[in-house]
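Participant: Please read through the structure below; I'll follow up with questions.
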Amino acid sequence: HNGKINIAIDGPAGAGKSTVARMVAKALSYVYVDTGAMYRAVTWYMIKQGIKPEQVDLVLEKAKELNIELVPEETGQRVFLNGQDVTHEIRSIEVNGLVSRYAKIEGLRKMLVQMQRQMALRKGVVMDGRDIGTTVLPQAEVKIFMTATVKERALRRFKEMKDAEGITLEQLEHDIAERDRQDEQREISPLRRADDAIVLDTTRLTIDEVVDRIVSYCTIHMDGEK
Ligand code: CDP
Ligand code: CDP
């Protein structure tokens, strides 16, 4: 084995998972895998095809035709769906509003989880999502459960939007709380802290502080293995 470990980062929307996971991956020369982008890509496709989340059989049938690729690049990751670049499309408000309803479909989760495990086989992966520490990579050497207050998380997303989309801070807070509720209460792999995950409340931490802490947990782990 190559001395590398796997790092699982879970938590609610806007906690800072993807920003931090990408930076941790860069610091360690690891590969970043954004599993939320995979659920988003499927959601974008189903909306485009006019298939509703209640049409479970149809969703599963169509999902089999999908080829999702995550391609790392300097500033993050590009997402391709059957060869089409959908990196920006999958971040729309419409996708935000529906993704959790597709993400609770058991057969769809099975397909994506299998792909995610495949990506982590060779280790050296930083993977973020909702069920990474509990379900996708329960053997990950370092597990982080990242949180922040819903107010702070909504504010972070609000600042990202540069008011182009005409959505208010209150609306954003409501949408995020609703998505958290759906992710926490679904039957299959709900958003939950793994028993052995380290909880990191980032409400009052800068991005660099969060990255430093996670990198040091990893270093401690790797030194312990030597
Ligand atoms: O970036 P943000 O926190 O807004 O969300 P995301 O990580 O892109 O995930 C979007 C949605 O996909 C989540 O709200 C979940 O419903 C679903 N998801 C999931 O069920 N399991 C994962 N491992 C990752 C995302
Ligand atoms: O992936 P997730 O939904 O958990 O969150 P994100 O998209 O990585 O982070 C949401 C926003 O919060 C980004 O604009 C980050 O720059 C910001 N952020 C922050 O201000 N302070 C932190 N400690 C972490 C993230």
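Participant: Among LYS52/LYS123; LYS123/LYS151; LYS17/LYS226; LYS4/LYS52, which pairs are too far apart, with a Cα-Cα distance over 30 Å?
Facilitator: Details: LYS52/LYS123 36 Å; LYS123/LYS151 35 Å; LYS17/LYS226 28 Å; LYS4/LYS52 41 Å.
Where the Cα-Cα span goes over 30 Å, the pairs concerned are LYS52/LYS123; LYS123/LYS151; LYS4/LYS52.
Participant: Ok, one more. Convex hull volume of the Cα atoms in the chain, per residue, in Å³? Intermediate results must be reported in sequence, preceding the final value.
Facilitator: Numbers: hull volume 28.1 nm³, N = 226.
Once divided by residue count, the hull of the chain is 124 Å³.
Participant: What distance in nm lies between label points placed 7 Å from Cα along the C-beta direction at LYS226 and ASP201?
Facilitator: 3.5
Participant: If you don't mind, another one. Nearest 500 deg cm²/dmol is fine: what mean residue ellipticity at 222 nm does the chain get from its DSSP H runs of n ≥ 4 alone, each adding -39,500 (n - 2.57), divided by its residue count? Please list the in-between numbers first.
Facilitator: Numbers: 8 runs with 107 residues, N = 226.
Calculated mean residue ellipticity at 222 nm is -15000 deg cm²/dmol.
Participant: Further, regarding this structure: Considering only protein heavy atoms and a 1.4 Å probe, what is the carbon-and-sulfur percentage of the accessible area of the range 143-226? Provide the component values of the computation, followed by the final result.
Facilitator: On the way: 2750 of 5420 Å².
Carbon and sulfur: 51 percent of the exposed surface of the range 143-226.
Participant: Right, something else. On average, how much accessible surface per residue is there in the chain, in Å², for a 1.4 Å probe, leaving out ligands, DNA and RNA? Each step should come with its number before you reach the end.
Facilitator: Details: 11900 Å² over 226 residues.
Using a 1.4 Å probe on heavy atoms only, each residue of the chain averages 53 Å².
Participant: For a Förster distance of 30 Å, can you work out the FRET efficiency between the beta-carbons of LYS151 and THR75, rounded to the nearest 0.05? Let's see the in-between values first.
Facilitator: On the way: r = 28 Å, r/R0 = 0.93.
The formula returns an efficiency of 0.60 here.
Participant: Using a 1.4 Å probe over the heavy atoms of the protein chains, calculate the carbon and sulfur portion of the accessible area of the range 1-119 as a whole percent. Could you put the intermediate results ahead of the total?
Facilitator: Numbers: 2850 of 5640 Å².
For the range 1-119, the apolar C and S fraction of the accessible surface comes to 51 percent.
Participant: For the range 112-163, which trypsin sites (Lys or Arg not before Pro) are both in a DSSP coil and crowded by at most 11 other Cβ atoms within 10 Å? Show your work: numbers first, answer last.
Facilitator: Numbers: sites: ARG117, ARG122, LYS123, ARG130, LYS143, LYS151, ARG153, ARG156, ARG157, LYS159, LYS162; in loops: ARG122, LYS123, ARG130, LYS162.
Answer in residue order: LYS162.
Participant: How many angstrom separate the Cα center of the range 1-52 from the Cα center of the range 61-101?
Facilitator: 11
Participant: Note down the nm distance, to one decimal, between modelled labels 7 Å out along Cα→Cβ at SER92 and at GLU160.
Facilitator: So the two model labels end up 1.7 nm from each other.
Participant: Quote to one decimal, in nm, the extra length available between ARG117 and LEU66 on full extension: 0.36 nm per residue of separation minus the C-alpha distance between them.
Facilitator: Working: separation 51, 0.36 × 51 = 18.36 nm, distance 1.75 nm.
Roughly 16.6 nm would be gained on extension.
Participant: For the chain, what is the relative contact order in percent, using Cα pairs closer than 8 Å and at least 6 residues apart in sequence?
Facilitator: On the way: 319 pairs, mean separation 76.5, N = 226.
The value is 34 percent.
Participant: Counting other Cβ atoms within 10 Å of each Cβ, which GluC sites (Glu not before Pro) in the range 78-171 have at most 16 and sit in a DSSP loop?
Facilitator: Values: sites: GLU89, GLU94, GLU106, GLU141, GLU152, GLU160, GLU165, GLU170; in loops: GLU141, GLU165.
Of the GluC sites (Glu not before Pro), the ones in loops of the range 78-171 whose Cβ has at most 16 other Cβ atoms within 10 Å are GLU165.
The values are calculated or read from the model by the stated rules, or taken from the named source; none is laboratory data. Note that the structure is a prediction, hence the values are computed from the model and not measured. When we count neighbours, we look across all protein chains shown, and the Cβ atoms used for this are built from the backbone with ideal geometry, even at glycine. For accessibility, only protein heavy atoms count, side chains too; no ligands or nucleic acids. Shrake-Rupley method; radii C 1.70, N 1.55, O 1.52, S 1.80 Å.
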